[in-house]
Every structure is written in C-alpha cells, then in structure tokens.
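The values are calculated or read from the model by the stated rules, or taken from the named source; none is laboratory data. The structure displayed is predicted, hence computed values, not measured ones. In this analysis, Cβ positions are derived from the backbone assuming ideal geometry, glycine residues included, and neighbour counts consider all displayed protein chains. Each accessible area value is taken on the protein alone, full model and side chains, heavy atoms only, with ligands, DNA and RNA left out. Shrake-Rupley method; radii C 1.70, N 1.55, O 1.52, S 1.80 Å.
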Amino acid sequence: MKKLLILLLVPLFLASPDQKVDAQKTNFDYLDIYDLQYVDDPQISPDGNTIIYVRHQFDVMTDRRYTNLWSISFSGDNHKPITSGKLGYGTPVWSPDGSRIAYTSSEDGSNQVFVRWMDSGATSSITNLTHSPGNLQWSPDGTQLLFTINIPAEQPKIANLPSPPEGAEWTEGATVIDQVYYQADGSFDTLEESYSHIYLISAEGGAPRKLTDGNYDHSSPSWAPDGGSILFTADRSGNADLDPNNAQIYEMNIESGEMTQITNKRGPHGSPKISPDGQYIAYTGYEDQFVGYQLTDLYIMNRDGSNLQKISDDLDMDVSDITWANDSRSLYFRYDEEGNSKLGNIRLNGDYVTVASNLGTSSIGRPYGGGAYSVADNGRFAISLGSPDRPTELAVGHFPTRMAITQLTNLNELFTESKNLGVTTEFWVDSSVDDFEIHGWILTPPDFDPSQQYPMILEIHGGPHTNYGPRFTPELQLMASKGYVVVYTNPRGSTSYSTEFASYINQNYPSEDHNDLMDAVDYVVDLGYIDEDRLYITGGSGGGVLSSWAIGKTDRFAAAVVAKPVINWYSFVLTADMYPFFAKYWFTEYPWDDPEQYLERSPISLVGNVTTPTMLLVGEYDYRTPVSESQQYYQALKLRGVDASMVKISDSSHSIASTPSNLIRKVAYILGWFEKY
Ligand SMILES: CC(=O)N[C@@H](C)C(=O)N[C@@H](C)C(=O)N[C@@H](C)C(=O)O
C-alpha cells in the first residue's frame with residue numbers, strides 16, 4: 001500500500017508550479033460556455049459616480065445570448081440590476097444631467113427606445129418603431145434624442161402579376177433583386193432595399209421627426225454643444241454602393257433642416273464629433289488609396305471644415321471610437337497595439353499617452369481585439385477589462401491623475417475558481433524571410449508538463465487586417481482543455497504593429513504571411529514538447545485562406561480544418577456580400593480583366609499538391625465567405641482522392657460563434673477530425 005501511495009502522489013509534484021492541476025477543479029468543457037458572463041459597453045455618468053454596463057449571459061435552453069443593464073457606483077458599491085429577464089437590453093446612454101438613461105430593448109417584442117428616470121426607477125418606451133433603432137444621442141439640454149433606423153426604399157413594381165384564384169395553392173412566387181447589396185451576412189433573407197435615416201424625438205416620447213431624406217445611408221449622428229445643429233456622415237453621391245469608402249461629413253440645422261457638406265476629400269470620414277467649446281470637429285478616416293489596409297487616422301478641423309490637421313501622425317495605429325475631453329484640449333480614443341486593446345488620450349498637438357490597456361470584448365470565440373470605454377466630465381473613466389484567464393469584467397480609473405485601474409466586478413469568480421484553464425504565454429520569433437518579428441502566444445493545457453510531448457494546433461486569425469492577443473478565448477480554451485497546445489499569432493497583414501506590417505499583404509494575400517506562420521510553428525516545435533507527428537492547422541475566414549494555402553505548400557500537418565475559407569478569389573468577389581469592397585480594394589483589376597491575379601493567390605491553385613486530410617467547416621448561411629467556396633475545395637479534394645469531409649453548421653452565418661451551440665459544434669468537429677488523425 002505504501003508503494004502505491006508514493007506512485008499516486010508523484011505526478012502532482014511533476015506539473016510545472018504555475019500549472020499545477022487542482023484536483024478540486026475540472027477542465028473547461030463545452031457546456032461551461034453557458035456559464036460565462038461578460039461586461040460590455042460601460043457607460044459612466046457625467047458626474048463620474050455611477051456606471052451602467054451591459055451584462056452578457058447565455059441560456060442553455062434557448063441557446064441564446066441575452067443582455068441586461070446593471071448599475072454600480074464608481075467605488076464598487078451598490079451593484080444592482082437595472083433590468084432583468086432573458087431578453088435584450090443595450091446601448092445605454094446617460095442624459096447630460098445624469099438624471100436619466102436612454103437604451104434600446106426588445107422587452108415589448110420589438111426593439112424600441114426606452115428612457116429610465118434614475119431617481120424613481122420609472123421606465124417607459126418612447127418609440128413605436130417598425131425597425132430597430134440605433135445610435136442614440138441625447139440633445140445637450142436633455143429634452144430630445146437622436147436615433148437612426150433603416151427605412152425600406154419605395155419598390156417599383158417589376159411585373160403586373162395575376163392573382164391566384166381563391167384557394168389556389170401557388171408557390172411562394174419570386175424574389176426580385178435589383179440593388180447592389182442584396183445580401184448581408186447575419187441577415188438570413190434577401191435584403192430589402194433600405195437606407196439609414198436620422199430621427200429626432202422628445203425624450204418624453206411622441207411622434208419622431210425624420211431629419212434626413214433620399215436613398216442614402218446617414219450614420220454617426222452627433223450634437224453641436226449648443227443643440228442647434230447635428231453632424232452626421234453620408235455618401236449622397238448616388239454611387240455609394242459601388243464606391244463604399246467615401247462618406248462625407250454634413251452639418252444640419254435642426255430648426256431649418258438646412259444641410260451643409262463640411263468635407264469633400266475622397267475617403268471615409270467616421271464618427272464626427274464637435275468639441276465641447278464648439279471650436280473643432282474631430283473625425284477618423286484616411287485619404288483613400290484603394291488598397292486593402294489603410295491606417296485610420298484622427299483629424300481635427302474648424303467647424304467650417306477649414307484648417308484640416310491630422311493629429312495622429314506619431315501613432316501609426318488605427319484610431320477608433322473617439323470622445324472629446326471636457327476641456328476640448330484632447331480626445332480619448334480606442335486603439336490596438338501589439339495585440340493589446342487600449343484606451344488612449346491624444347492632445348491636439350499629437351502627443352498621446354496610453355490611459356488603460358487590456359480592454360476586452362464579449363466574444364466567446366477567438367481572441368480578436370476590441371473593447372469599450374466611457375469618460376465622465378471629471379476624468380473618471382470606465383472600461384471593459386479583458387484578461388487571458390477570464391471573461392471581460394468592469395474596471396474604472398481616472399485621467400490624468402492616473403490612479404490605478406480598479407476592477408469593480410468579478411462576475412466569473414466562481415467559474416475561474418472551479419476550472420483548470422489553459423495558460424497563455426507570449427513569444428516573438430524572427431521572420432525567416434525578412435526583418436519582421438512575428439508575435440504569437442502559446443496556450444498550454446491545464447495539466448501541462450514540458451517534459452511530455454503534446455499535439456499542437458496552429459489556429460489562424462482572419463480579417464486579414466485584424467489582430468489576435470492575450471485575450472480570454474473560450475474557443476481555443478476548449479482545444480487546450482482537451483490536451484492540445486494551441487498556438488496563435490499575428491502574421492504580417494495583422495493590425496496593431498505598424499502600417500508597413502499591415503500593408504505588406506495589400507493586393508499580395510496570401511504571401512509571406514504563410515512563412516510567418518511556419519516560422520512560429522518551427523519556434524514552438526523547437527521548445528521540445530510538441531509531437532511533430534501530431535501537428536494540426538485550422539483557421540476561419542482569412543484563417544481559412546491561410547490554412548488551405550499552407551497545406552498546399554507543406555505536408556507537415558497531420559490534418560487540417562479549413563473553416564469558412566476563401567478558396568477561389570474569382571468566385572469570391574462575385575458571390576460575397578461585400579463584393580464591391582473586396583473587388584476594388586483587395587485587387588487591382590476585375591477578375592474577368594485579370595484572372596491570373598485572382599488565381600495565383602487562390603488556395604484552389606495549390607490543391608493539386610494537397611495530401612493533408614482536410615475538413616471544410618462553414619455556416620449554412622455564410623454570406624461573407626459563401627458555402628460555395630468550401631464546396632469547391634471539398635470537391636477538388638474528393639476528385640484527388642484526398643480524405644475530406646465538409647461540415648455545414650445549420651442556421652449559422654459567418655459568425656459561427658454568435659450561437660453558443662454552434663461554437664461548441666465547431667470545436668467538437670475540429671477536434672473530432674484531429675483525433676481521427
Ligand atoms: C476585419 C474584417 O472582418 N474584415 C472583413 C472584410 C471580413 O469580413 N473579413 C473576412 C474575410 C474575415 O476574415 N473575417 C474574420 C474577422 C473572421 O474570423 O470571420
């Protein structure tokens with residue numbers, strides 16, 4: 001008995017100290033997804049004393065994500081629900097005096113705008129809309145709200161059809177399509193032609209006033225400090241559908257409805273905001289060069305559009321989500337840097353600082369960037385705080401005193417205390433083809449022991465102009481919990497490093513990003529704990545491009561799962577929902593004018609080399625990277641006698657992870673395929 005006892009105790013001491021398996025805990029498993037909770041969209045009150053945030057939860061019975069509004073004080077006290085139930089509440093916005101919040105809710109069966117009086121808790125819907133509202137913006141005096149909704153365009157009759165006889169059982173009929181955008185990923189039906197318009201409504205309800213007109217989209221409304229006018233963006237050229245990157249800034253006088261175009265440089269103009277002193281307009285954008293990646297900069301100009309200045313020259317990172325500081329002397333903004341999502345503050349002379357790092361999203365999928373923040377008049381701010389080890393929580397801080405960031409919520413404390421999770425470690429590897437350094441992370445299994453040999457999965461991000469980072473990723477944690485070392489990287493083309501790095505694959509994708517991925521695999525293999533006979537590769541969307549490209553270049557992988565890929569750029573730009581953008585920005589010619597340009601960068605051109613057993617996996621209603629792309633590769637592999645399988649995830653769009661059970665299915669099919677080999 002004594003000898004048996006010693007044998008039983010030894011393995012526990014072998015585990016590396018930082019990954020000792022706690023026998024009281026269990027490994028992260030598929031159904032644990034439904035226990036996760038996320039903080040998103042934290043909105044701090046104007047006086048900085050209270051934060052309203054959106055809490056994301058999941059219901060295993062309805063297989064749905066549902067959201068509620070919660071409130072907590074800046075000190076962390078008085079944490080309580082504002083709404084409850086398994087419905088949808090979102091986009092909370094404080095009134096300028098902090099007495100009310102406006103938000104959207106589906107509690108009445110359709111998405112409407114609600115207002116809550118914070119002192120009494122009285123709540124009322126103030127709209128009765130037929131389409132979902134968005135972009136809620138309080139007027140400076142708190143008496144009115146702006147919002148946008150999509151309004152169907154008048155549809156001309158195409159044919160004078162006879163009516164079926166009474167009781168006849170004719171077929172459904174036909175869908176007439178004549179607009180450029182007739183499908184959008186996430187909308188399962190054919191799109192009706194509609195345009196986004198801006199409305200104004202009393203904060204106490206009543207008939208809304210339609211401010212904009214015409215068959216044009218109007219977006220990003222914001223108020224002038226005096227409440228006399230609003231800014232918004234629109235491309236009213238009449239060619240916006242086929243020229244998708246040229247929205248301009250307009251100012252509209254609320255009383256007269258008179259509209260003035262403020263900008264006219266070619267290129268996108270996003271999120272126009274007037275400074276609190278009324279002196280400047282800030283916006284994000286760039287001068288369009290018609291290439292795949294273009295750095296999004298921050299500009300300021302006078303109210304009339306004169307004296308335009310780019311103030312983010314020293315940043316070389318994409319700027320988004322801008323907010324003027326109360327003194328009109330700086331702006332807060334979101335940016336990603338080396339795979340870390342951050343909140344920054346930039347002065348009008350271009351000097352900038354990082355205010356907070358490690359922002360997180362509410363995704364249950366892969367570790368993409370993102371995050372949310374808000375700032376009070378006194379410099380207090382709230383952020384969605386991410387971490388590689390737990391879902392996103394709420395944190396607060398103060399700028400410029402730079403008090404320590406304080407995490408206020410711990411929604412997942414019991415979860416993280418009861419689960420053995422994979423551990424994320426960072427690495428950099430020198431490119432084998434030039435001077436770039438490639439950034440990556442290794443997610444090791446909960447019971448990891450570097451003296452053992454492990455199967456390895458290389459998981460590749462899409463976009464391609466996005467970035468992965470040390471962020472909580474249930475999708476990859478599930479792979480690690482099943483015993484895999486999971487490696488993920490930011491190959492060239494990824495954002496958050498430099499314009500040079502991201503632009504390298506402009507009209508040159510895929511290319512040496514493949515080498516970056518193989519350099520990362522070589523690096524991790526050289527660490528000595530990977531079984532080289534059990535190397536696996538997978539990736540979604542752009543990651544599907546690179547995983548199918550890779551197995552056309554090497555047979556080092558025991559198996560591959562190519563998820564929602566582009567396989568043939570020629571067919572892709574003629575079937576994808578965003579086809580005008582893809583054709584005009586990812587290529588220099590149309591496919592019929594230069595088929596070779598499309599074919600030479602298409603994974604289908606390398607399928608003749610493939611020996612790797614491959615599963616295709618795609619959402620049944622994926623309109624971003626259509627099912628037909630996966631079908632081409634699957635059928636080519638079958639014709640070549642390569643072991644292939646194809647999984648179509650039912651009722652799924654491009655965003656497979658938007659439904660928890662579909663995320664579970666995706667990981668289970670991926671691991672099932674790898675286990676087979
Ligand atoms: C950044 C981004 O999403 N770009 C779009 C043009 C896009 O939809 N790209 C897809 C081809 C893609 O790779 N999407 C990634 C984000 C995914 O994992 O779905």
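Residues of the range 255-277 being open to solvent by less than 20 Å² (accessible area, probe 1.4 Å) and in a loop (DSSP other than H, G, I, E, B), which ones?
Residues satisfying the conditions are Thr263, Gly267, Ser275.
If Ser541 satisfies all but one of (1) within 13 Å of the ligand (Cβ to nearest atom); (2) within 18 Å of His439 (Cα to Cα), what's the number of the condition it fails?
Among (1) within 13 Å of the ligand (Cβ to nearest atom); (2) within 18 Å of His439 (Cα to Cα), Ser541 violates only (2).
Only one of Leu637, Leu616 is assigned to a helix (DSSP H, G or I) and away from the ligand (no atom under 14 Å from the Cβ); which?
After ruling out the rest, the residue left standing is Leu637.
For residues in the range 583-596 being open to solvent by less than 20 Å² (accessible area, probe 1.4 Å) and free of Cβ contacts under 8 Å to residues at least 60 places away in the same chain, which is farthest from the ligand (Cβ to nearest atom)?
Residue satisfying both the conditions and the ranking: Pro591.
Give the range 388-407 a look and list any residue that's open to solvent by less than 30 Å² (accessible area, probe 1.4 Å) and either closer than 15 Å to Tyr468 by Cβ or touching a Pro at 6+ places or on another chain (Cβ under 7 Å) (or both), or say none.
Leu394, the sole residue that qualifies.
Inside the range 556-582, can you point out the residues that are of a type in the set (Gly, Ala, Ser) and either open to solvent by 10 Å² or more (accessible area, probe 1.4 Å) or near the ligand (Cβ under 9 Å from one of its atoms) (or both)?
Those that are of a type in the set (Gly, Ala, Ser) and either open to solvent by 10 Å² or more (accessible area, probe 1.4 Å) or near the ligand (Cβ under 9 Å from one of its atoms) (or both): Ala558, Ala563, Ser571, Ala576.
Could you please tell me which pairs satisfy a Cβ distance under 6 Å, a separation of 6+ or placement on different chains, a first residue in the range 636-651 that is farther than 16 Å from Ser548 by Cα and open to solvent by less than 30 Å² (accessible area, probe 1.4 Å), and a second residue that is modelled with pLDDT of 95 or more and among the hydrophobic types (A, V, I, L, M, F, W, C)?
Partner pairs satisfying both residue conditions: Ile649/Ile656.
Is it the case, given these coordinates, that Tyr621 is open to solvent by 20 Å² or more (accessible area, probe 1.4 Å), more than 12 Å from the ligand (Cβ to nearest atom), among the hydroxyl-bearing types (Ser, Thr, Tyr) and without any contact (Cβ under 8 Å) to a residue 24 or more places away in the chain?
no
For Ala502, all conditions in the list (1) of a type outside the set (Lys, Arg); (2) buried (at least 24 other Cβ atoms within 10 Å of the Cβ); (3) more than 14 Å from the ligand (Cβ to nearest atom); (4) closer than 24 Å to Met578 by Cα hold save one; what is the number of the exception?
(3)
Looking at the range 538-555, which of the residues that are open to solvent by 10 Å² or more (accessible area, probe 1.4 Å) and free of Cβ contacts under 8 Å to residues at least 60 places away in the same chain is farthest from Asp241 (Cα to Cα)?
The selected residue is Asp555.
For the range 296-362, which strands (runs of 3 or more DSSP E) that fit wholly inside it have 1 or more residues that are out of contact with any Gly (no Cβ under 8 Å at 6 or more places or on another chain) and at positive phi?
Strands (runs of 3 or more DSSP E) meeting the threshold: 320-324.
Go through (1) within 22 Å of Ile51 (Cβ to Cβ); (2) more than 16 Å from the ligand (Cβ to nearest atom) one by one and return the number of the condition Arg471 breaks.
Exception for Arg471: condition (2).
Need a quick list: strands (runs of 3 or more DSSP E) entirely within the range 100-192 having at least 2 residues that are touching a strand residue (DSSP E or B) at 6+ places or on another chain (Cβ under 8 Å) and open to solvent by less than 30 Å² (accessible area, probe 1.4 Å).
100-105, 112-117, 134-138, 144-152
Can you name every residue in the range 341-365 that is closer than 13 Å to Gly469 by Cβ and open to solvent by 20 Å² or more (accessible area, probe 1.4 Å)?
Listed by number, the residues that qualify are Lys342, Ser357, Asn358, Thr361, Ser363.
Looking at Leu411, Leu458, Leu443, Leu421, which one is more than 16 Å from the ligand (Cβ to nearest atom) and surrounded by 24 or more Cβ atoms within 10 Å (Cβ to Cβ)?
One residue alone meets the criteria, Leu443.
Go through the residues of the range 315-336 one by one and say whether even a single one is touching a helix residue (DSSP H, G or I) at 6+ places or on another chain (Cβ under 6 Å) and at pLDDT 95 or above.
yes
Hey, can you tell me all the residues within the range 468-486 that are part of a loop (DSSP other than H, G, I, E, B) and either surrounded by fewer than 24 Cβ atoms within 10 Å (Cβ to Cβ) or in contact with a helix residue (DSSP H, G or I) (Cβ under 9 Å, 6 or more places away or on another chain) (or both)?
Pro470, Lys482, Gly483, Tyr484
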